[in-house]
C-alpha cells in the first residue's frame, strides 16, 4: 500500500503552519494511540445495525471512535479489530471503508469550495487568477491535478515572485473542482484568504491523508534553479 505524501511543505495548503492546533480538541487514535487534534482525525460511529460509519463532520450522536486521518491508519483499524475494541461491541466493518472515507472527505472539500464561491471568496480561470495575483490578492492556489504543467508553472511562479510563500492545493482533478463550482471543469483557481480558507485548509489536509498531494513535487526542480 502506497502511503500518501504528508510532508510539511510551504506549498501544501494544509501545512501545520496554517492552522492553530489549540483551536481543536485532542483525541486519541484507536490505532496509533497518538493524541492529535480532532481536525487531524476521522470520527466513526455505529449505525443502528452495528455498521462502522464515517462521521466526517463529527456531529452524529453516539459513541465515537477516532482514527488518524490517513489511509494506512483507517485500513489498519479495519483489519486489526480496532473498531470492535473501541466500541466494545461486535461490529461490521464494510468493504471499501477507506475509499468511502476518501469520497466523503472529497465531498466536504467540494462543499467548502462551493460555499466559498457563494461568498465571493474564490477566483476562477487562468487569466482571472493571474490578474488577482498582480493585484496582491492573498490566498491558496487551486491547481487541477490533471492540468497542464506549463499553465500551472506560470501561475505558481507569478505568485512566488509576489509573495514570500505560496500555498497550492493540487489533489483534486479538473472534474472534481468543476463539480464544486457548478462547472464542467476547472483548472486554475484562487481561494481568498479568510475564515472559509482556514476551513478549507483543514479539510484539504485530511483529504491528502488518503490521496497524494502532487503539489509537493510539481515545483521541486524549478525551485532549485
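What follows is calculated from the coordinates using simple rules that are stated; it is not laboratory data. What you see is a predicted model, and the numbers here were worked out from it, not measured in a lab. A quick note on method: Cβ atoms are made from the backbone with ideal geometry, for glycine too, and the neighbour counts reach across all protein chains shown.
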Any idea how far apart residue 57 and residue 93 come out in nm if each label point goes 7 Å out from Cα toward Cβ? 2.7
Approximate spin-label separation residue 183-residue 34, in nm, with each point projected 7 Å along Cα-to-Cβ: 3.5
Please tell me the relative contact order of the chain in percent, rounded to the nearest whole number, where contacts are Cα pairs under 8 Å and at least six residues apart. 27
Which of rounded, prolate or oblate describes the range 117-225 when judged by the alpha-carbon gyration tensor and an a/c cut-off of 1.5? rounded
Binning at 5 angstrom from zero up to the longest distance, how are the C-alpha pair distances of the range 16-99 distributed in percent? 3, 16, 27, 27, 16, 7, 4, 1, 0
Tell me the label-point distance for the pair residue 84, residue 160, using the 7 Å Cα-to-Cβ offset, in nm and rounded to one decimal. 5.1
Using the alpha-carbon atoms, what tilt in degrees (0 to 90, nearest 10) does helix 195-207 show relative to the longest principal axis of the chain? 60
Which distance in Å, rounded to a whole number, links the C-alpha centroids of the range 175-225 and the range 74-127? 16
